[in-house]
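Enquirer: Here it is, the structure in full.
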Amino acid sequence: MSVLEVERLSYRYPGAGAAALTDVTLAVEPGEFCLVAGLSASGKSTLLRAVSGLVPHFHGGDFAGRVTVAGLDTREHGPAAIGAMAGTVFQDPETQVVMGTVRAELALGLENLGRPPAAVARAVEEVALALGLASLLDRSTHELSGGELQRVALAAALAPRPRLVLLDEPTSQLDPVAGDELIWLLRRLNQEWDTAVLLVEHRLERCLAAADRVIVLEGGRVVSDADPAGFLGWAAGAASPLQTPAARMFAQLGIEPPPVGVRQARGTLRRRDLLEPSLGERMQAGGEHAGGSSRSRPPLWRRSKASAKDSPALRMHSVWHELRDGPSILRGVSFSLGVGERVVLMGRNGAGKSTLLRHAAGLLAPTRGRIERGGRVALLLQNPGDYFLHERVEEEASAPALERARLSEMGARNPRDLSGGERQRLALAVVTDSELPPTVLALDEPTRGMDRGAKSSLAAWLSERRVDGTAVIVATHDVEFAAEFAERVLLLADGRVIADSSAGEVLCGGWYFTTETARILDGAGQALLPEQGAVILGERMSRAPTAPGPGSGESVKRPRVLR
Amino acid sequence: MSVLIAYRRRSSALHATRASVGALYGVTLGTAALIVQHPVVLAGLLVGLLLAGSACGAARDMARTLRVVGLPLLVLTVLVNVLVSRGGLTVFARLGYFGPFGEMNLTVEAAAYGLLVGVRLLIVMLAAVLVSSAVDPDEMLRSLRRLYPGSALAATVATRLVPVLARDAQRLGDAQRCRGDGGASGARARLGVLRAVVGGSLDRSLDVAATLEVRGYGAGGRPARIPRVLSRHDVHFALAAMATLAAAIATRLSGLATFEVYPLLHLSLGAGALLSALVVPALALAPFLDRRGIAL
């Protein structure tokens, strides 16, 4: 019996004009790992809420069709009953952790199910061990970082050993390391416990290789439901924003089928003799350096036009941020930001990125060290909604600022009714709304919950700020966005800058802080984006054209390499 | 600066005690303050409470509570009692005739009584701080859930929302400081932030409630009673609570430490009063001496 059956589900939120879901039909078998993909506002989160029973019991609205979770019809059983069969993890960890300590949080669901104390204690211990939370069990939940909270929320959902786990962008607040760990942990639990997984995720390259199946929603309808290879084939023709970087690179070269992950891509390239010696081998041969130590001249697409040495927009001299009775968050950070420069700040959760940006903007004062600012530093914090105090868009910022943010037409709307991308542009208009443009624009995790199209628009908009001489510094976990946007990358670890160099140098050759393209090409030519990878592979193909191996099922069309 | 007092598991004997006993201990100290009248014994109890707070890492919370709420309340209590009370014979200021209030004579006895009430309130407040910072609210709510599921749900949402909304307010305040126009300042800015926090609190509470729903809170299941053997700290703190309460009652009833306010101040400073001032806090502090098994 399927663990989840959705039959002709249509749903409209109360007071909404359009339906969020229309005629959705699908089934998930026990042990299946299903990825739910789609652009923003395509109905992914609503589908999860319908499966968890929150739609319609909690949200109300017009509901048609049937959703059955492990034999329970959601029309007859509420979220509490469904919760015994399906664990749910939402996007915002802050509001899904309800108890004061981690141990109590993990026990809550089990106690609500009426499990005996011994079973509760054992399940709590085991799930804590499985998710690496054993050392946090007696910690207060309000002391945990976003990443830790997300792991606690996942553990709480898994503790009752549900037959189905529903996850709504669980990696959006996690660094690449924690994000990968989470996906592989889900895969392990899925394989060992036979738990079915329904995962909503924007960064498909992160989890496609772990998935058995990809369900694509568009305008509330299922437009594709296939295995990962089938999905990529569909995406190549129908919805390019959902293509993974590897698939885009292969598509530009005309190589088919598109690869599901790095391993498959490298296998294909190896069979075609298009892979060169690995970075490790190249380093051993003394031909190339890794990380921030390279002296080699970066390729054209990575050369920075700005110089921080001339007249820096921002300069930090050995800045420390030491908490009273707590650890040091920043430990002697020094760097300069040149006029008009585009810099990305990366590092694990808790590395000190947000604190550094707050220091840059003057929200915090260093406990030691000094900060020089060439002018005003505008800071966009993680939640754009925090900036809105009025009922109309036009009251939040001046007309020129709204025009720059391409929001002039929306002056009469309520800021809370705007889409995610529009809200972010309005918040940018608010923070940059001054007589003179800011010298530095700092953004903290601006791509959370954004699809690729919205990220590209944001990168382009930020790049346009160079016209005003505004330097832009972005703290992000999104490596693909960093590669698209940054000239230079600062890598933070434990409050220290451990790498500060061009994006090509920092984002190539690593294990985690690196793009899918760079992982496939092993850092060759410092190519980070599919277009750059395609140039390199195109050159290799033209040097040594090879036929695909017999029985490989691969084919080559005429390459469409962008130069 | 956060104005919230949040529970945090620390290495202390009180933290190692089960929530029901810890809460009983705190309530007993507060009750003792209401029973005892003698200022020296009350001062001893106050010092004992501050030392207990220090022993379980709540000293800073207590100091902040004293500064922000306690001392202003103490001053207010004394002022109000001096102005309102007609008792006492030792006049230190004559303010004359005030219409319906009649003759306003300020007396030393009224000031002393105001001080007595203020110090008692202060001790009750500090006992509440001690309980808030050293007694696990989850364990308390768990017990409550067994008895009153509906009320416990409301209490759970409320206790979770308080820190969430406090962080929201902090974030919104930071965001306003980052506005390009510099943002509004002073009372207007605070009002704007308050409005936004209140507006957002509905969304926040819905999110928390949705989480509780999917975690089966409404399923009607009551948590099973966890059979737990009494720890040494459970026993010590329960005994200390009872002994402190008994000592406070004995002090009051025995007449060893008498304090009469009206009509004339009379304070006995004999050996009995001094002994009580030492014994009451000593009994309250005794369980902190056993530090076995208190680590996290």
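Enquirer: What's the number of the only condition in (1) out of contact with any helix residue (DSSP H, G or I) (no Cβ under 7 Å at 6 or more places or on another chain); (2) modelled with pLDDT under 95 that A:Leu490 fails to meet?
Expert: (2)
Enquirer: In region A:430-464, which residue that is in a helix (DSSP H, G or I), among the aliphatic types (A, V, I, L, M) and touching a residue at least 24 places away in the same chain (Cβ under 8 Å) is nearest to A:Pro241 (Cα to Cα)?
Expert: Kept after step one, since they are in a helix (DSSP H, G or I), are these residues of region A:430-464: A:430-431, A:452-464.
The next check asks that each one be among the aliphatic types (A, V, I, L, M); those that pass are A:430-431, A:454, A:458-460, A:462.
Remaining after also requiring touching a residue at least 24 places away in the same chain (Cβ under 8 Å): A:430-431, A:454, A:458-459, A:462.
Values: A:Val430: 29, A:Val431: 29, A:Ala454: 10, A:Leu458: 15, A:Ala459: 15, A:Leu462: 20 Å.
Once the filter is applied, the top-ranked residue is A:Ala454.
Enquirer: Please pick out the residue among A:Leu182, A:Leu199, A:Leu174, A:Leu186 that is under 21 Å from the mean Cα position of the chain (by Cα), at pLDDT 90 or above and closer than 30 Å to A:Gly53 by Cβ.
Expert: Details: A:Leu182 fails: at pLDDT 90 or above; A:Leu174 fails: at pLDDT 90 or above; A:Leu186 fails: at pLDDT 90 or above.
One residue alone meets the criteria, A:Leu199.
Enquirer: Continuing with the same structure: Could you tell me which residue of region A:395-410 is farthest from the other protein chains (Cβ to nearest Cβ), considering only residues that are surrounded by 17 or more Cβ atoms within 10 Å (Cβ to Cβ) and not aliphatic (A, V, I, L, M)?
Expert: First pass over region A:395-410, keeping only residues surrounded by 17 or more Cβ atoms within 10 Å (Cβ to Cβ): A:396-397, A:401-402, A:404-405, A:407, A:410.
Applying the additional criterion that residues be not aliphatic (A, V, I, L, M) yields A:396, A:404.
Numbers: A:Glu396: 9, A:Arg404: 11 Å.
Filtering region A:395-410 for residues that are surrounded by 17 or more Cβ atoms within 10 Å (Cβ to Cβ) and not aliphatic (A, V, I, L, M), the one farthest from the other protein chains (Cβ to nearest Cβ) comes out as A:Arg404.
Enquirer: Of the residues B:Thr77, B:Thr107, which is free of Cβ contacts under 8 Å to residues at least 60 places away in the same chain, in contact with a Phe, Trp or Tyr (Cβ under 8 Å, 6 or more places away or on another chain), surrounded by 20 or more Cβ atoms within 10 Å (Cβ to Cβ) and not assigned by TED's automatic domain parsing to the domain that holds B:Ala158?
Expert: Numbers: B:Thr77 fails: in contact with a Phe, Trp or Tyr (Cβ under 8 Å, 6 or more places away or on another chain).
The unique qualifying residue is B:Thr107.
Enquirer: Is one or more of the residues making up region B:212-223 modelled with pLDDT under 80, buried (at least 20 other Cβ atoms within 10 Å of the Cβ) and touching a Lys or Arg at 6+ places or on another chain (Cβ under 6 Å)?
Expert: Yes; the residues of region B:212-223 include at least one that is modelled with pLDDT under 80, buried (at least 20 other Cβ atoms within 10 Å of the Cβ) and touching a Lys or Arg at 6+ places or on another chain (Cβ under 6 Å).
Enquirer: Which one of these does A:Leu129 not meet: (1) in a loop (DSSP other than H, G, I, E, B); (2) more than 9 Å from every other protein chain (Cβ to nearest Cβ)?
Expert: A:Leu129 satisfies every listed condition except (1).
Enquirer: Just checking, which of B:Arg195, B:Arg120, B:Arg204, B:Arg142 is within 8 Å of chain A (Cβ to nearest Cβ), within 27 Å of the chain's Cα centre (by Cα) and either of a type outside the set (S, T, N, Q) or part of a helix (DSSP H, G or I) (or both)? Don't jump to the end; show me each part of the working.
Expert: On the way: B:Arg195 fails: within 27 Å of the chain's Cα centre (by Cα); B:Arg120 fails: within 8 Å of chain A (Cβ to nearest Cβ); B:Arg204 fails: within 27 Å of the chain's Cα centre (by Cα).
The conditions single out B:Arg142.
Enquirer: Suppose we keep only residues that are facing chain B (nearest Cβ under 7 Å), in a loop (DSSP other than H, G, I, E, B) and of a type in the set (A, V, I, L, M, F, W, C) within region A:91-109. Which one would you say is nearest to the chain's Cα centre (by Cα)?
Expert: Across region A:91-109, the extreme among qualifying residues is A:Val98.
Enquirer: Quick check on my filter: what residues within region B:29-74 are surrounded by 21 or more Cβ atoms within 10 Å (Cβ to Cβ), within 13 Å of B:Ala241 (Cβ to Cβ) and among the hydroxyl-bearing types (Ser, Thr, Tyr)?
Expert: Those that are surrounded by 21 or more Cβ atoms within 10 Å (Cβ to Cβ), within 13 Å of B:Ala241 (Cβ to Cβ) and among the hydroxyl-bearing types (Ser, Thr, Tyr): none in region B:29-74.
Enquirer: Looking at B:Thr211 and the list (1) within 29 Å of the chain's Cα centre (by Cα); (2) within 9 Å of chain A (Cβ to nearest Cβ), which single condition is not satisfied?
Expert: Only one criterion in (1) within 29 Å of the chain's Cα centre (by Cα); (2) within 9 Å of chain A (Cβ to nearest Cβ) is unmet by B:Thr211, namely (1).
Enquirer: If I filter region A:363-393 down to residues being closer than 16 Å to A:Ala471 by Cα and within 11 Å of chain B (Cβ to nearest Cβ), which single residue comes out as surrounded by the fewest Cβ atoms within 10 Å (Cβ to Cβ)?
Expert: Selected residue: A:Arg376.
Enquirer: Suppose the filter is more than 23 Å from B:Arg142 (Cβ to Cβ), among the small types (Gly, Ala, Ser) and crowded, with 24+ Cβ neighbours inside 10 Å; does A:Ala27 pass it?
Expert: no
Enquirer: For the structure I just gave you, tell me whether A:Thr88 is in contact with a Ser or Thr (Cβ under 9 Å, 6 or more places away or on another chain), at pLDDT 90 or above and either buried (at least 23 other Cβ atoms within 10 Å of the Cβ) or assigned by TED's automatic domain parsing to the domain that holds A:Leu167 (or both).
Expert: Values: in contact with a Ser or Thr (Cβ under 9 Å, 6 or more places away or on another chain): yes; at pLDDT 90 or above: yes; either buried (at least 23 other Cβ atoms within 10 Å of the Cβ) or assigned by TED's automatic domain parsing to the domain that holds A:Leu167 (or both): yes.
Spelling it out, A:Thr88 is indeed in contact with a Ser or Thr (Cβ under 9 Å, 6 or more places away or on another chain), at pLDDT 90 or above and either buried (at least 23 other Cβ atoms within 10 Å of the Cβ) or assigned by TED's automatic domain parsing to the domain that holds A:Leu167 (or both).
Enquirer: To continue, here is another question. Working only within region A:491-521, note down all residues that are touching a strand residue (DSSP E or B) at 6+ places or on another chain (Cβ under 9 Å) and of a type in the set (A, V, I, L, M).
Expert: Within region A:491-521, A:Leu491, A:Leu492, A:Ala493, A:Val497, A:Ile498, A:Ala499, A:Ala503, A:Val506, A:Leu507 meet the criteria.
Enquirer: Look at B:Arg292 and say whether it is farther than 30 Å from A:Gly375 by Cβ, in contact (Cβ under 8 Å) with a residue 24 or more places away in the chain, in a loop (DSSP other than H, G, I, E, B) and within 29 Å of the chain's Cα centre (by Cα).
Expert: Details: farther than 30 Å from A:Gly375 by Cβ: yes; in contact (Cβ under 8 Å) with a residue 24 or more places away in the chain: yes; in a loop (DSSP other than H, G, I, E, B): yes; within 29 Å of the chain's Cα centre (by Cα): yes.
Answer is yes for this residue.
Enquirer: Looking at B:Leu239, B:Leu230, which one is part of a helix (DSSP H, G or I) and surrounded by fewer than 20 Cβ atoms within 10 Å (Cβ to Cβ)?
Expert: Working: B:Leu230 fails: part of a helix (DSSP H, G or I).
The match here is B:Leu239.
Enquirer: With (1) more than 9 Å from chain A (Cβ to nearest Cβ); (2) closer than 30 Å to A:Leu108 by Cα as the list, and B:Ala248 as the residue in question, which single condition is left unmet?
Expert: So the condition that B:Ala248 fails would be (2).
Enquirer: Another question about this same structure. Collect the residues in region A:136-158 that are more than 19 Å from the chain's Cα centre (by Cα), at the interface with chain B (Cβ under 10 Å from one of its Cβ atoms) and either closer than 23 Å to A:Glu192 by Cβ or among the polar types (S, T, N, Q) (or both), keeping them in residue-number order.
Expert: A:Leu137, A:Ser140, A:Thr141, A:Ala156, A:Ala157
Enquirer: Let me ask something else about it. Would region A:61-78 turn up any residue that is closer than 15 Å to B:Thr211 by Cα and more than 8 Å from chain B (Cβ to nearest Cβ)?
Expert: No, the conditions are met nowhere in region A:61-78.
The values are calculated or read from the model by the stated rules, or taken from the named source; none is laboratory data. Source: prediction; values computed, not measured. Here Cβ is always computed from backbone atoms with ideal geometry, including for glycine, and neighbour counts include all displayed protein chains.
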